[in-house]
1. What is the dipole size for segment 31-94, taken about its Cα centre, with +1 at each Lys and Arg Cβ and -1 at each Asp and Glu Cβ, in debye to the nearest 20?
2. In segment 1-79, which chymotrypsin sites (Phe, Trp or Tyr not before Pro) are in a loop and have at most 10 other Cβ atoms within 10 Å, using DSSP for the loop call?
3. Can you list the residues, at least 5 places off or on another chain, whose amide H is less than 5 Å from the amide H of Gly368, using H built in the peptide plane?
4. If you scale each eigenvalue of the Cα gyration tensor by 5 and take the root, what three semi-axes come out for segment 6-125, rounded to whole angstrom and sorted largest first?
5. Loop-only check: which GluC sites (Glu not before Pro) in segment 166-257 are DSSP coil with at most 14 other Cβ within 10 angstrom?
6. Take the chain, connect every pair of alpha-carbon atoms lying under 10 Å apart with a spring to form a Gaussian network, then pick out the residue of Asp339, Asp169, Asp81 with the largest mean-square fluctuation.
7. Specify the inter-centroid distance of segment 1-33 and segment 293-326, based on alpha-carbon positions, in whole Å.
8. Relative contact order for segment 6-125: what is it in percent, counting Cα pairs under 8 Å that are at least 6 residues apart?
Amino acid sequence: MFFADLTKLHLYLDGYCFALFRKIDEEMVPQLHLIDESNMQSDFVKNIMNTEKYNIYLSELFEYSSKRYQFALQFDSKSMDIYYKIPEVLEIEFRSLLDTIIYETLSYINECVQGLILNEEIHERHYSDLLKQSGKRLLQHILQNEHAINPFEKFNKISSLSYEKSFSDGKILLLNTQASQALASQHILKPMVHFETKIPLSNTRHIRKILELSNSEVYLVSDGEYLHNTVEFKPLHDSINHFFTIEFNNYFSWQLTYNGNKLMQITHEEVFIPKPKVSFFSFSTELKKVFQAIESKKVLNLYRLILEALKQPKGTIIVVSKNARSEAFRLRNQGFLIDALSLSPSIIRSITSIDGAVLMDLDGTCHGIGVILDGIATEKGDPSRGARYNSAIRYVETINKTPNYSNCFAVVISEDGDVDMVSHFLF
């Protein structure tokens, strides 16, 4: 395809970026601005470049009709903050699949600009091709092994193979030989089966067969080029140790994880960013119905805590209330009243591991844990739902009918990861 001028190219690229990121997440729709370098000090451009509100990604500068321009890809920062990133303690350029998608998008924008300037045909990149290339780039970047040739496609092939009519749910720990030996010396992993001749990942049928040795605590070890051995490994998800794994799910399905956090999902060769069970937009909308004056930064903080609570395999209930302190005191005989504790991701993972609800205020400060919620019998319950859901319904309705109590907002997380948001607006 050819473009007559820069305006038409801008319209095309703006539509392309809109459709691409809408495919990824309907709430993460960027704007693509064309910035004239001579107008950098204008209020319009300063608003575009407001890094407190937006995440900004810039194309290369280019010259067109005797002027210098640059494209700016602008995202609402809140829509991006909800996605998991590898911590900065690791010195790597790309910390998420989103980072590599933005990199590939900017590369395509630069390619299109060069096509316009040189009056050359521009070949449109299909969205799925761009996402796949982004996945390949992330995996290659994490492996940091220049000898690993297209490991992405090899993992794809392995995921498509069956062994005795069943598909794999095995795991591969991504480590080079030096790192593997260092972790073994620290007793973080225990070597088991060592192959005298290392097995190329390209020998996909052999790899698929050996994956049968893997289970919840036994991993295969690969540097992205060869399979070296199997190890017994119990991951410690902390800030000191850093573990990347390939986990096979089912037929033609696998995922890349870091310390137990999913970085990308590949299903039938399509690349996906793992999405939270509840979106920021829906959480924010429901929460603001109850607490209309709550600040945006508090909403985002509470949302991040909910995302951490979602990782609790047993399920839990989170109750947000202005009266969290007094309620924790009132219910102290059927739970644990604690000193006010500002919650962090690691803390909420710990306190949601016991039965009962967590009571917190709008600042994300916890006042009670393991609380058995009370409440009067209600017609709003649902016998087909679990005990947590019906308990939250009874409690919220009772609080709503109690004089001098502010409304509360409950998030019910079931064992299968489903999420229900309960407030008096549900009734």
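1. 200
2. Loop-located and lightly packed - none at all.
3. HN-HN under 5 Å from Gly368: Ile338, Leu359.
4. 25, 18, 14
5. Here the GluC sites (Glu not before Pro) that fit, given the DSSP loop and packing criteria, are Glu217.
6. Asp339
7. 35
8. 23
No lab work stands behind these numbers, since they all come straight from the coordinates. Keep in mind that this is a model prediction, so the values were computed, not measured. For neighbour counting, all protein chains shown are included, and Cβ atoms are generated from backbone atoms with ideal geometry for every residue, glycine included.
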